[in-house]
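J.: Quick one: the structure is below, and I'll ask about it shortly.
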Amino acid sequence: MPSHLEIVRLLADGELHSGESLAEQLAISRAAVWKAVRKAAATLGVEVEAVRARGYRLTVPLELLERERILAGIGADTRAALGPLDVLDEVDSTNRHLMALARAGAPCGTLCIAERQTAGRGRHGRTWVSPFGSNIYLSLLWRFEQAPSELGGLSLAAGAGIAAVLECIGVSEVALKWPNDVLWRARKLAGLLLEVTGEAQGPSTVVIGVGVNTHLPDKHAQSIDQPWVDLVTARGTPYSRNRLVSQVIEHLVAVAQGYAAHGFEPYRATWERFDRHLGEPVRLSLGLRQWTGKHAGIAPDGALRLDCDGSILTFQAGEVSLRAGETIR
Ligand code: BTN
């Protein structure tokens, strides 16, 4: 029996495919085609239409990930810094997969990208909704000489890199919310989850996980518990997933190399240019406690500086929101 992915790959272009040609390509009987197509579509969560006497097509075409195309879109210097690139049809979480590879000795620069995640991880133990064939789920493994405690600004630097990529491909009004939400008009467009392990004095191993909503069908979005947006909405037109993956890899590698050499400082200006709340009155919540003050910028270690009636407090963790009654930019 052909795999679900094999079937959906044949239909990915969104064109009509006759039962006869599908039967031939999948080496199954014509009578078995519709059942196989329906099952594949249901399993992968895509929608297929059967057009009487003409065949089958996906209601929304998919641009599936292509390893060679992704590599061809990456400059030679960046490629030289990369380890193996795994393009997976399905994985529980690209971060978890890379963490396991890292423990088994995978080299710096190893990458994992997947068409779908069955247990995508978000911050604060949330689930990252990761349907098949849309969006980007990517993780990069990087090894640093620095101690884990010196890597506090890395997730911000990486977030600034992702915001810059999105701006560069034509998304205006991209913004960052500390520590690493990438927003468009106050709705989440992308998120980062960094997982760090290492010796107290270094070295450290980091998995930088990035999720970008490129096209999020409504039926999948129902389970997202925060305002969200996808790239096609924010940009106005679709953008190639493969091209975007190459650009994200370029930027993440540059950030990892730059951070290893110079820390957060070179990224502060970019971060502050995108910072949605800089200079605004905000509330910072950490567990059950809350502080209010003016967002006074980012410390060299990536901590949030909060001006509370003239005293500056710094926070390594927490959720930032605009203070009640303030208008959202
Ligand atoms: C957030 O909650 O904002 C962080 C979301 C990070 C999601 C990405 S998708 C690729 C990588 N693998 C995961 O399991 N999570 C990250």
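J.: Look through region 266-300, keep the residues that are over 23 Å from the mean Cα position of the chain (by Cα) and hydroxyl-bearing (Ser, Thr, Tyr), and return whichever of them is farthest from residue 182 (Cα to Cα).
T.: Within region 266-300, the match that is farthest from residue 182 (Cα to Cα) is 292.
J.: Within region 1-44, can you find the residues that are in contact with a Leu (Cβ under 8 Å, 6 or more places away or on another chain), under 17 Å from residue 131 (Cβ atoms) and either of a type in the set (S, T, N, Q) or not in a helix (DSSP H, G or I) (or both)?
T.: 12, 14, listed by residue number.
J.: Among the residues that make up region 14-32, is at least one of them small (Gly, Ala, Ser), buried (at least 16 other Cβ atoms within 10 Å of the Cβ) and more than 35 Å from the chain's Cα centre (by Cα)?
T.: If we filter region 14-32 for residues that are small (Gly, Ala, Ser), which is where we start, we get 14, 18-19, 21, 23, 27, 29, 31-32.
After this cut, where a residue has to be buried (at least 16 other Cβ atoms within 10 Å of the Cβ) as well, the list is 19, 23.
Those left that are additionally more than 35 Å from the chain's Cα centre (by Cα): 19, 23.
Yes, region 14-32 has at least one match.
J.: Scan the strands (runs of 3 or more DSSP E) fully inside region 45-125 and keep the ones with 1 or more residues being more than 16 Å from the ligand (Cβ to nearest atom). Can you show your working first?
T.: Values: elements: 48-51, 55-58, 85-88, 111-114.
Filter on region 45-125 gives 48-51, 55-58.
J.: Just a yes or no: is a residue in region 271-290 in a strand (DSSP E or B), within 30 Å of residue 75 (Cα to Cα) and of a type outside the set (Gly, Ala, Ser)?
T.: The initial filter retains those residues of region 271-290 that are in a strand (DSSP E or B), namely 275, 281-286, 289-290.
Now drop any that are not within 30 Å of residue 75 (Cα to Cα), which leaves 275.
Remaining after also requiring of a type outside the set (Gly, Ala, Ser): 275.
The answer is yes, given that some residue of region 271-290 is in a strand (DSSP E or B), within 30 Å of residue 75 (Cα to Cα) and of a type outside the set (Gly, Ala, Ser).
J.: Still on this structure, please answer the following. Under 7 Å between Cβ atoms, which residue pairs at least 6 apart in sequence (or on different chains) link something in region 55-69 that is basic (Lys, Arg) with a partner that is assigned to a loop (DSSP other than H, G, I, E, B)?
T.: Partner pairs satisfying both residue conditions: 57/14; 57/15; 57/16.
J.: Is it true that some residue in region 308-317 is of a type in the set (Val, Ile, Thr) and at pLDDT below 90?
T.: So the first thing to find is which residues in region 308-317 are of a type in the set (Val, Ile, Thr), and the list is 312, 314.
Right, trim to at pLDDT below 90 and you get none.
Looking for residues that are of a type in the set (Val, Ile, Thr) and at pLDDT below 90, one finds none in region 308-317, hence no.
J.: On to the next question. Any idea which residue in region 129-168 is nearest to residue 181 (Cα to Cα), counting only those that are aromatic (Phe, Trp, Tyr) and crowded, with 21+ Cβ neighbours inside 10 Å?
T.: Result: 137.
J.: Hey, any hits in region 256-270 for a residue that's touching a His at 6+ places or on another chain (Cβ under 8 Å), within 30 Å of residue 112 (Cα to Cα) and touching a residue at least 60 places away in the same chain (Cβ under 8 Å)?
T.: At the first step, the residues of region 256-270 found to be touching a His at 6+ places or on another chain (Cβ under 8 Å) are none.
Within region 256-270, not a single residue is touching a His at 6+ places or on another chain (Cβ under 8 Å), within 30 Å of residue 112 (Cα to Cα) and touching a residue at least 60 places away in the same chain (Cβ under 8 Å).
J.: Go through region 289-298 and give me each residue that's under 17 Å from residue 264 (Cα atoms) and open to solvent by less than 10 Å² (accessible area, probe 1.4 Å).
T.: First, pick out the residues of region 289-298 that are under 17 Å from residue 264 (Cα atoms): 296-298.
Within region 289-298, 297, 298 meet the criteria.
Let's see how each residue does on (1) within 13 Å of the ligand (Cβ to nearest atom); (2) under 16 Å from the mean Cα position of the chain (by Cα); (3) at pLDDT 95 or above:
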position: 134; (1), (2), (3): yes, yes, no
position: 138; (1), (2), (3): yes, yes, yes
position: 164; (1), (2), (3): no, yes, yes
position: 168; (1), (2), (3): no, no, yes
position: 179; (1), (2), (3): yes, yes, no
position: 189; (1), (2), (3): yes, yes, yes
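J.: So the check is Cβ under 7 Å with 6+ separation or different chains; which pairs have a first residue in region 79-101 that's under 20 Å from residue 64 (Cβ atoms) and a second one that's more than 14 Å from the ligand (Cβ to nearest atom) and open to solvent by 40 Å² or more (accessible area, probe 1.4 Å)?
T.: Here the result reads 85/67; 87/67, each pair linking region 79-101 to a residue that is more than 14 Å from the ligand (Cβ to nearest atom) and open to solvent by 40 Å² or more (accessible area, probe 1.4 Å).
Rundown of residues vs (1) closer than 17 Å to residue 160 by Cα; (2) surrounded by 14 or more Cβ atoms within 10 Å (Cβ to Cβ); (3) modelled with pLDDT of 90 or more, yes/no style:
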residue	(1), (2), (3)
226	no, no, no
230	no, yes, yes
246	yes, yes, yes
263	yes, yes, yes
287	no, no, no
305	no, yes, yes
325	no, no, no
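The values are calculated or read from the model by the stated rules, or taken from the named source; none is laboratory data. If you're wondering where the values come from, they're calculated on a predicted model, not measured in any experiment. Cβ atoms come from the backbone with ideal geometry, glycine included; neighbour counts cover every protein chain shown. To get the accessible areas, we keep the full protein, side chains included, count just its heavy atoms, and leave off ligands, DNA and RNA. Shrake-Rupley method; radii C 1.70, N 1.55, O 1.52, S 1.80 Å.
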